[in-house]
Amino acid sequence: MTNFIVIFICLIAGILCKRLRQFPHQTPQAFNAFIVYITLPALVFSQVPRMLVNLDFSGNWWLPVSMAWICFVFSYFIFSFIGKKLQWRDATIGALILTAGLGNTSFVGIPLLEALIGKEAVPVGILIDQAGSFLVLSTLGIVVAALYSGAKITPAFIGKRVFTFPPFIALLLTIVWFIFFGRANPTSLDAIYPSMEKIAATLVPLALFSVGYQLHFDLAVFKKRWIPLTLGLVFKLLIFPAFFAFFYLKLLGGNDLATHVVVLESAMATMITAAVVANEFNLDSEISNLMVGVSIPLSLITVPLWKYFLGF
């Protein structure tokens, strides 16, 4: 419940502060820059090393992790096709690939899992988030954002955008640490975890304030953008979870805790960080912010409905 209260307070605060005009016009850009250069690297350093140390590379860890990767690849092909057919701008296609293909598997996802299934679902949710959603965003997500950013696309340009993106640099440093030091001395980073966790905690308040500040609850805007927004929401909240329910439950025959968690995580709202990355790469900020602002409250209704209809 605390997480949901934080979500709504920060989102509404952003909306109100824009109306009150007490903040500079460039506030979202400043907040997004802080998130990209400070908060997200701190999140990587606070979460990924522990995930790598605790991951059982000989087990079936790939099953829950695969969902985020499959979902993002599907999102890429689906919205690339739809966008070309409907003659959308590249910025709109890129924003929808990111925001429909990446779910909020942690801040919204984990509290919902705990409420709907129980505490035993949390470890699986953390694995999906860290080895799935966050790694997808830090790798394929950055590549897609660079491809659709509207700049002249060359391999050198994409390489520069990816390898100079602070969270990706942090991810590479973490992997290097794990290979050379982490396996032998998994506690070597314990001293920095508390500091990194406190900095990483600024992600949700700043990101949601920024989203709220940029949201336009204007009937004219919804009339203008309702087609891409509706398609993004339908795929994110309905079609993708329906596919994973069929794939994991029917085709693979799974009916255990991990399978239930995977299906529910596939139904979660848009990842907040995906919208931040979309905005950082100058994609369609109107669509990316609407996807976050609308999908989060909707998912509080749709995710429990998925659990009910699937009989978990």
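A few points about this structure:
- Residue satisfying condition, being over 23 Å from residue 239 (Cα atoms) and modelled with pLDDT of 85 or more, within set 154, 105, 139, 99: 139
- One residue alone among 244, 240, 209 is touching a Cys at 6+ places or on another chain (Cβ under 8 Å), modelled with pLDDT of 90 or more and over 26 Å from residue 87 (Cα atoms), and that residue is 244.
- Tally of residues being assigned to a helix (DSSP H, G or I), in contact with a strand residue (DSSP E or B) (Cβ under 7 Å, 6 or more places away or on another chain) and under 21 Å from residue 35 (Cβ atoms) across the range 243-299: 3
- Subset of the range 213-242 (residues that are out of contact with any Ser or Thr (no Cβ under 8 Å at 6 or more places or on another chain), closer than 21 Å to residue 101 by Cα and either assigned to a helix (DSSP H, G or I) or without any contact (Cβ under 8 Å) to a residue 60 or more places away in the chain (or both)): 225, 226, 227, 229, 230, 231, 234, 239, 242
- Extreme residue, modelled with the lowest pLDDT, among residues of the range 177-196 that are in a helix (DSSP H, G or I) and within 14 Å of residue 51 (Cα to Cα): 182
- For the range 9-37, the tally of residues that are surrounded by fewer than 17 Cβ atoms within 10 Å (Cβ to Cβ) and touching a Pro at 6+ places or on another chain (Cβ under 8 Å) stands at 2.
- Residue satisfying all of: in the range 151-174; over 21 Å from the mean Cα position of the chain (by Cα) and surrounded by fewer than 13 Cβ atoms within 10 Å (Cβ to Cβ); nearest to residue 38 (Cα to Cα) among these: 160
- Residue within the range 175-189 that is β-branched (Val, Ile, Thr) and either under 19 Å from the mean Cα position of the chain (by Cα) or closer than 27 Å to residue 31 by Cα (or both) present: no
- Meets criteria (among the charged types (D, E, K, R), more than 30 Å from residue 303 (Cα to Cα) and free of Cβ contacts under 8 Å to residues at least 12 places away in the same chain) for residue 152: yes
- The set of residues from the range 295-309 being modelled with pLDDT of 90 or more and aliphatic (A, V, I, L, M) comprises 298, 301, 303, 305.
- Matching entry among 268, 196 (being within 22 Å of the chain's Cα centre (by Cα), hydrophobic (A, V, I, L, M, F, W, C) and either surrounded by 21 or more Cβ atoms within 10 Å (Cβ to Cβ) or closer than 30 Å to residue 20 by Cα (or both)): 268
- First in the range 276-293 and touching a residue at least 24 places away in the same chain (Cβ under 8 Å) and among the hydrophobic types (A, V, I, L, M, F, W, C), second anywhere and crowded, with 24+ Cβ neighbours inside 10 Å and assigned to a loop (DSSP other than H, G, I, E, B), Cβ under 8 Å, 6 or more apart: 278/284; 281/148; 283/148; 292/269
- Hey, residue 139 of a type in the set (S, T, N, Q) and either within 17 Å of the chain's Cα centre (by Cα) or outside any helix (DSSP H, G or I) (or both) or not: yes
The values are calculated or read from the model by the stated rules, or taken from the named source; none is laboratory data. Bear in mind that the values here come from a model prediction, so they are computed numbers and not experimental data. Note: ideal-geometry Cβ built from the backbone for every residue, glycine included; neighbour counts use all protein chains shown.
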